[in-house]
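Have a look at the structure below, then the notes.
The values are calculated or read from the model by the stated rules, or taken from the named source; none is laboratory data. Just so it is clear, the model here is predicted, and its values are computed rather than measured. Positions of Cβ are backbone-derived with ideal geometry, glycine not excepted, and every protein chain shown enters the neighbour counts. These accessible areas exclude ligands, DNA and RNA; they are computed on the full protein's heavy atoms, side chains included. Shrake-Rupley method; radii C 1.70, N 1.55, O 1.52, S 1.80 Å.
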Amino acid sequence: MSSISVPNYNPGEIESRWQQRWEADGLYHANIDVQRPKHYALTMLPYPSGDLHIGHWYAMIPSDARARFMRMQGYNVLFPIGFDAFGLPAENAAISRNIHPKVWTYRNIENMRRQLRSMGAMFDWRREAISSDPEYYRWTQWFFLKLFAHDLAYRKMSPVDWCPNCNTTLAREQVWGEDRHCERCGTPVTKKNLEQWFFKTTQYADELLRFDGIDWPERVRTLQTNWIGRSEGAAVYFTTQDEDVLEVFTTRPDTLWGATFMVLAPEHPLVAKLTSADQRAEVEAYIQQTMRQSDIQREAADKDKTGVFTGGYAVNPVNGRRIPVWIADYVLMTYGTGAIMAVPAHDERDFAFAIKFGLPILPVIDRPDGLAKSFAVAGSMRAGFAAALQSAGLAYTEDGKGISISLTSGQIDAYLQIAREHLNSGYWNEVVGSRWVFVFDNGMWAWESPDSEVRILARCKELEPAARPARTLMEMLSGCEFYRDVLFHAEYGRMINSGEFSGTGGDRAKAEVTAYLERQGKGKYAVNYRLRDWLISRQRYWGAPIPMLFCAQCGIVPVPEDQLPVTLPEDVEWKPTGESPLKLHPTWRMTTCPQCGGRAERETDTMDTFMCSSWYHLRYLSPWYHQGCFDPAEYDYWMPVDTYTGGIEHATMHLIYTRFFHKALRDMGVTKGDEPMLQLRNQGMVLGEDSEKMSKSRGNVVAPDNLVAAYGSDTVRAYLMFYARWDQGGPWSSGGIEGVSRWLRRLWSLALEATAGGEASEAVVRNLRRKVHQTLRAVTRDFRDFEFNTIISALMELLNEMSKARQQGAGAAPAWNEAVDIYLRMLAPVCPHISEELWQLLGKPYSIHNQSWPLVDEDAAREEEITLVVQVNGKLRDRIVVAADISAEDAKARALSSEGIQRHLEGRDPHQVIYVAGRLVNIVI
RNA sequence: GCCGAAGUGGCGGAACAGGCAGACGCGCACGACUCAAAAUCGUGUACCCUCCGGGUAUGUGGGUUCGAUUCCCACCUUCGGCACCA
């Protein structure tokens, strides 16, 4: 047999050749075809920062592979690409290198297009959309006008982040780190008040909390749910000494009787009126101090409470108690009503405040019975401590540091007795809830912070020390003015000290008190959110101008739709002055009012780039369309997005904004359905080989261009899908990619080498076909489920099997051709070039990417023989090979008579034999 | 502090109904080819005990079960998000 020379695998040559061919043929053009089911696969669009990095590849390649899989499954697949091209880096480049943002951006796009093409992805480039094109931002502005017309956009004075060193405002993403410093110069940012545009995202808060009908990761749903932060409770109307209503929001209306003081945010409108003459100086000084402080300092980690008494009082509507009104910066004007009723017995912050300023603490919720508490015992233990716990029936766990124990309230006495006998040292300590409690030998106790320690010790000294041994710790606490163990987690206790409500069970307390408040007109059911309205104004040049005018006669006037787009001027100055360069332009903002014809000025702020990215999936549908933001025919066919892939970091920004956008547009009749993206999947992050985040300064950056040059796109693609769980990511490994490279080279030669001759036995052929179809089944499932790493594993495993089968003479069998055919089809979504090349070299018709996904031949995949595991008492003792359809009786009999089992039974009688069909036999003796 | 996710060989990871723990790959060791090296191919590779054969292992400690990486409870660690949100 003569051997044909096998061409070398030369990915560089193959890949560019096929990419050109596909491009020329328009192979990946997606057009409306009502005959076929559609699939809109969307990957988050990149920012044109200059170079495509490995993270882009990691996000896009598996998305591409899955889109290709769906295409082979018979779907008409749309997989578009574009650029999120407005934004700060372009302006920073302008400032630091004097390049116009537009020039910088479009140069980068040109480069990144080339890099994106090197992926060999099935992007339909005809649908490319670039958010900084006037034809794009014309519609971004149009959406703004729509939102404004529907009362979802409004203007309000609001604080923005301000860098006092650069003398400029900063966007949220320019503020870095825990100390919230300026991205460029490191100076901590402060706040500055400016007129800003907002979108009413809060109007959709409740709907955004619902994820009905969409398949989004639990993680993202949780992040969004927490971000929106819905709290149910009650509004309660207190009355000030001047008969003003002072409304508070509380999630715990059942603790209303425990309110011993009130706290207002320093900015609260009633502060001035409430302040008494003798407190005025102090109050004003405090307000001045908090105004000067930035939010950062206000929210600083040291939770030491500050505040000032206003001298004013308010009346609790349910019990007429007259309580002092304080101001403190721990109450935020931006949440609820900017005022709280303080219940120090049941709120940690109010408690700290009360301790610091000596305000009364009144418990109104009783300790629930039987509530398990965890204790950790530290310090030296005498021998026998653990044994004593054990004999008292107290379950504990031991680690290197000490003992952890979980007790119900009924077990505390027994525990304390043992602890007293067996613990060394002058004091011992334990954790109540999550706080350290120190119990001293003299019977006194105290907890955690030095400040509170003093206070509490003072209170407890009033107790009779001799009584200490007879009391449990909890009783000690109840002897004080409060219960520490119910403090802050008293959800299920009964109400006490609450007038007619005393005795009400914790499960009913909130609802009953709220109903009472509503009947009496003293309050009502209320809901609050942490979500704030979306601030979209940016004092920046490189963004879509906000299409609004200010007219001396008519006030705020929207730019008429037919005057869109409001285009950016190109001749602007790049000085970081804190004002938008648009504001400093000599003529740009001067215009006429469309209503009165008089002089008007343009809004010089531009829109947050998240506005552009909230609808790019709609522009992709028809970037060529000029009569509207999208062609309705394209919309009706393609939307909604079926699969959306991208990073988790957008969970509380882009992914909330785009949902809000879709819902708002739905209510205007622009979009249809409740959600824009049906299925969401997030990839993890590729780290450097040192397991650190890739960064130029660390020198651990892996550049995809270099990898493609060294290995070819197919190898990089397969490795990125193989090396880690896609949703996890992980460190890059330069050794790991070699393994994938080897695999593709082995495939190349195995597919092309001449048949070695010989004839395969029936069993070899049978086994080959079984493996092929079992692999197909697994690969199909894993593509469906986004489990990309096991797809590659399965293909590697199959190649190993095929290699063996060929050595056993299977190369000439029809089953071999079937195996290669199915193999290449399964590989096509992962490695589009090598599969296309081999497909062609084997004489199959162009293109493999127009082939359908093979179907599993269930007969071929079926196992005739299976290996049963035989266990004795759950331990593996033998394996037996039996027919797959063996009966339970036969299986048990075979197992019992097997050699390994006979040895272990040693004549004993099994009293139970469990048979799990196709799996195992377990003999219990 | 609160919320969420995750802990499996030297490493990435697999185990898809509670049923053979460690697939696949990297790395490592040995062998073949070679004057030699690289490449390639082959064999081995959780740990302990004496080779047959056992024993121990999926963060720790309990529990449920004939049987637990998988389910339940508690704890520890790591990562991510939020962070005075009343």
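A compact table of results
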read-out	value
Breaking point among (1) closer than 18 Å to residue A:591 by Cβ; (2) assigned to a helix (DSSP H, G or I), for residue A:557	(2)
Exclusive hit being touching a residue at least 24 places away in the same chain (Cβ under 8 Å) and buried (at least 22 other Cβ atoms within 10 Å of the Cβ), set A:142, A:57	A:57
Those residues of segment A:540-574 which are of a type in the set (S, T, N, Q) and either under 20 Å from residue A:142 (Cα atoms) or free of Cβ contacts under 8 Å to residues at least 40 places away in the same chain (or both), in sequence order	A:563, A:567
Answer residue from segment A:841-886, given it is open to solvent by less than 70 Å² (accessible area, probe 1.4 Å), under 23 Å from residue A:779 (Cβ atoms) and within 16 Å of RNA strand B (Cβ to nearest atom) and is nearest to the chain's Cα centre (by Cα) among those	A:856
Any chance residue A:446 is modelled with pLDDT of 50 or more, part of a strand (DSSP E or B) and under 43 Å from the mean Cα position of the chain (by Cα)	no
Residues that are charged (D, E, K, R), away from RNA strand B (no atom under 16 Å from the Cβ) and open to solvent by 10 Å² or more (accessible area, probe 1.4 Å), drawn from segment A:803-840	A:818, A:821, A:825, A:837
Those strands (runs of 3 or more DSSP E) lying entirely in segment A:308-419 with at least 1 residues open to solvent by less than 50 Å² (accessible area, probe 1.4 Å), at pLDDT 75 or above and under 24 Å from residue A:524 (Cβ atoms)	A:308-315, A:322-327, A:339-342
Residue match in segment A:93-115 (condition: part of a loop (DSSP other than H, G, I, E, B), surrounded by fewer than 20 Cβ atoms within 10 Å (Cβ to Cβ) and either within 27 Å of the chain's Cα centre (by Cα) or of a type in the set (Phe, Trp, Tyr) (or both))	no
For residue A:48: the one exception among (1) more than 20 Å from residue A:620 (Cα to Cα); (2) open to solvent by less than 30 Å² (accessible area, probe 1.4 Å)	(1)
Unmet criterion (only one of (1) part of a loop (DSSP other than H, G, I, E, B); (2) open to solvent by less than 50 Å² (accessible area, probe 1.4 Å)) for residue A:582	(1)
Residue A:243 over 20 Å from the mean Cα position of the chain (by Cα), under 23 Å from residue A:327 (Cα atoms), within 14 Å of RNA strand B (Cβ to nearest atom) and open to solvent by 70 Å² or more (accessible area, probe 1.4 Å)	no
Failed item, numbered, when residue A:40 is tested on (1) more than 24 Å from the chain's Cα centre (by Cα); (2) buried (at least 21 other Cβ atoms within 10 Å of the Cβ)	(1)
Lone qualifier among A:740, A:708, A:701, A:686 - being β-branched (Val, Ile, Thr) and near RNA strand B (Cβ under 8 Å from one of its atoms)	A:740
Cross-chain or 6+ apart pairs with Cβ under 7 Å, segment A:250-267 first and modelled with pLDDT under 95, then among the hydroxyl-bearing types (Ser, Thr, Tyr) and not in a helix (DSSP H, G or I)	A:251/A:231; A:257/A:498
Filtered residues of segment A:718-737 (kept if open to solvent by less than 70 Å² (accessible area, probe 1.4 Å) and near RNA strand B (Cβ under 8 Å from one of its atoms))	A:722, A:723, A:724, A:729, A:730, A:731, A:733, A:735, A:736
Condition check for residue A:760: small (Gly, Ala, Ser), surrounded by 18 or more Cβ atoms within 10 Å (Cβ to Cβ), in a loop (DSSP other than H, G, I, E, B) and more than 9 Å from RNA strand B (Cβ to nearest atom)	yes
Test: residue in segment A:763-771 that is within 13 Å of RNA strand B (Cβ to nearest atom) and either in contact (Cβ under 8 Å) with a residue 60 or more places away in the chain or closer than 26 Å to residue A:855 by Cβ (or both)	yes
Verdict on residue A:143 being assigned to a loop (DSSP other than H, G, I, E, B) and closer than 21 Å to residue A:537 by Cβ	no
Residues of segment A:557-579 satisfying the condition of being loosely packed, with under 15 Cβ neighbours inside 10 Å and charged (D, E, K, R)	A:561, A:562, A:570, A:571, A:573, A:575
Residues of segment A:590-629 satisfying the condition of being of a type in the set (Phe, Trp, Tyr) and within 26 Å of the chain's Cα centre (by Cα)	A:610, A:615, A:616, A:620
Those residues of segment A:893-924 which are in contact with a strand residue (DSSP E or B) (Cβ under 9 Å, 6 or more places away or on another chain), open to solvent by less than 70 Å² (accessible area, probe 1.4 Å) and more than 9 Å from RNA strand B (Cβ to nearest atom), in sequence order	A:895, A:896, A:898, A:901, A:905, A:910, A:913
Residue that is nearest to residue A:717 (Cα to Cα), among those in segment A:787-800 that are under 29 Å from the mean Cα position of the chain (by Cα) and surrounded by fewer than 20 Cβ atoms within 10 Å (Cβ to Cβ)	A:789
Condition met for residue A:195 (within 16 Å of RNA strand B (Cβ to nearest atom) and either more than 25 Å from residue A:143 (Cβ to Cβ) or touching a strand residue (DSSP E or B) at 6+ places or on another chain (Cβ under 8 Å) (or both))	no
Flag if residue A:267 is open to solvent by 60 Å² or more (accessible area, probe 1.4 Å), under 34 Å from the mean Cα position of the chain (by Cα) and not β-branched (Val, Ile, Thr)	yes
Filter result (polar (S, T, N, Q) and near RNA strand B (Cβ under 9 Å from one of its atoms)) within segment A:777-802	A:789, A:790, A:793, A:800
